[in-house]
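In what follows, a structure is listed as structure tokens, so that the remarks can point back to it.
The values are calculated or read from the model by the stated rules, or taken from the named source; none is laboratory data. Only a predicted model underlies this, so the values are computations on that prediction, with no experimental measurement involved. When we count neighbours, we look across all protein chains shown, and the Cβ atoms used for this are built from the backbone with ideal geometry, even at glycine. Only protein heavy atoms, including side chains, enter the accessible area calculation; ligands, DNA and RNA are left aside. Shrake-Rupley method; radii C 1.70, N 1.55, O 1.52, S 1.80 Å.
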Amino acid sequence: MANLLFIHGYPFDHTMFDAAAKRLARNHKVIAPDLPGFGGTPPLAIEPPKVRIDDFARFLLAALDKAKVDKFVPIGHSMGGYIAFALNRLAPKRIAGFALISSRSGADTDAATKVRNDNAARVAREGTAFLSDEMSRKPLAVDHPPDPALVTKLRAMIGRAKPDACIGALHAMATRPDSTKDMPKITVPALVIAGPHDAIVPRAESEALGRGFKNGRMVWCKRSGHIPMLEEPEVVTEALVKFADDV
Ligand code: MLT
């Protein structure tokens, strides 16, 4: 039995993993918290521009300690993957494996940092309504019309995110270090899952992530964008079940 820590992406919450978590809980211990300020978790007591990716990792380590969990497998979606790398820097001996979905190891480019800073300033001015419009559509595969039920589900998650949490997460992502240099030292089994129509993490970055793990395997979904666990839940669940049974 593995301890599986699901870490959701930005600006979503743990319900994005509902299908996979339910299936995996049959044979494993599943921990699927909402990050501070998202879903039902109160925000961090840190000024939003000062939030760093390690603050989320420390929050999760405290939750694992409270649940008396030592070794665990982070299953990180996108920003959740950036946090998984931070967990590996803070507590490498506790990581039993890595599963990353629609994520990447690199830091932001200057252009990406500027977009994040602009978005953080806009959330501070206007709140999160524009994020609901943008982030309920952009993550979904663009080669076919979006499933209205998925758009509604994403909007509901974004609606639960506190504006300060979104600002904090944007600063945390913009300042995260490049984790690529940590990868040669990671020898535990790793699984990378990606969608071919991801408008947020380009294919080349997903491929580099898959190649970067010494002991990694890559699963490409058939028709997903950035959120394969909602777009092709059966593919993601099957890959995670196989992986979790092996680690
Ligand atoms: C996420 O899904 O967590 C974010 O889109 C990641 C990012 O913006 O880099």
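What the Cβ-Cβ distance of Lys22 and Glu47 gives, at R0 = 35 Å and to the nearest 0.05, is a FRET efficiency of 0.45. Given the pairs Lys114/Lys214; Lys29/Lys153; Lys22/Lys153; Lys68/Lys153, which are separated by over 29 angstrom at their Cα positions? Listed pairs above 29 Å: Lys114/Lys214; Lys68/Lys153. Rounded to whole numbers, the Karplus 3J(HN,Hα) couplings from phi for the range 41-54 are 8, x, x, 5, 8, 9, 4, x, x, 9, 6, 10, 4, 5 Hz, using 6.51 cos²θ - 1.76 cosθ + 1.60 with θ = phi - 60°, and x at Gly and Pro. The base-10 log of I(q)/I(0) for the range 1-120, evaluated at q = 0.09 Å⁻¹, reads -0.24 [Debye formula, identical scatterers on Cα atoms, solvent excluded]. Here the range 78-109 is scanned for amide nitrogen atoms under 14 Å from the site 7 Å beyond the Cα of Asp178 along Cα-to-Cβ, giving 105-109. Mean residue ellipticity at 222 nm, helices only, the chain: -13500 deg cm²/dmol; runs of at least 4 DSSP H residues each add -39,500 (n - 2.57), and the sum is divided by the number of residues. By accessible area, using a 1.4 Å probe on protein heavy atoms only, the range 115-247 has 55% of its surface on carbon and sulfur. For the range 1-75, trypsin sites (Lys or Arg not before Pro) are listed when DSSP marks them as loop and at most 13 other Cβ atoms sit within 10 Å of their Cβ; the list is Arg26, Lys68.
For the range 145-209, the Kirkwood radius over C-alpha pairs fed into Stokes-Einstein at 25 °C and 0.890 mPa s yields D = 162 µm² per second. Neighbours of Tyr82, meaning other residues whose beta-carbon lies under 13 angstrom from its beta-carbon, give a summed charge of -1 when Lys and Arg score +1 and Asp and Glu score -1.
With protein chains left intact and a 1.4 Å probe, residues in the chain average 43 Å² of accessible area per residue. Mind grabbing the base-10 log of I(q)/I(0) for the chain at q = 0.13, 0.16 Å⁻¹? Debye formula, identical points on the C-alpha positions, no solvent, two decimal places. Once normalised to I(0) and log-transformed, intensities are -0.73, -1.18. Put simply, the amide H of Ile7, placed in the peptide plane, has neighbours under 5 Å in Ile75, Gly76, His77, leaving out anything fewer than 5 places away on its chain. What is the log10 of I(q)/I(0) for the range 56-179, computed with the Debye formula using one identical point scatterer on each Cα and no solvent, at q = 0.15 Å⁻¹? Calculated log10 I(q)/I(0) at the listed q: -0.83.
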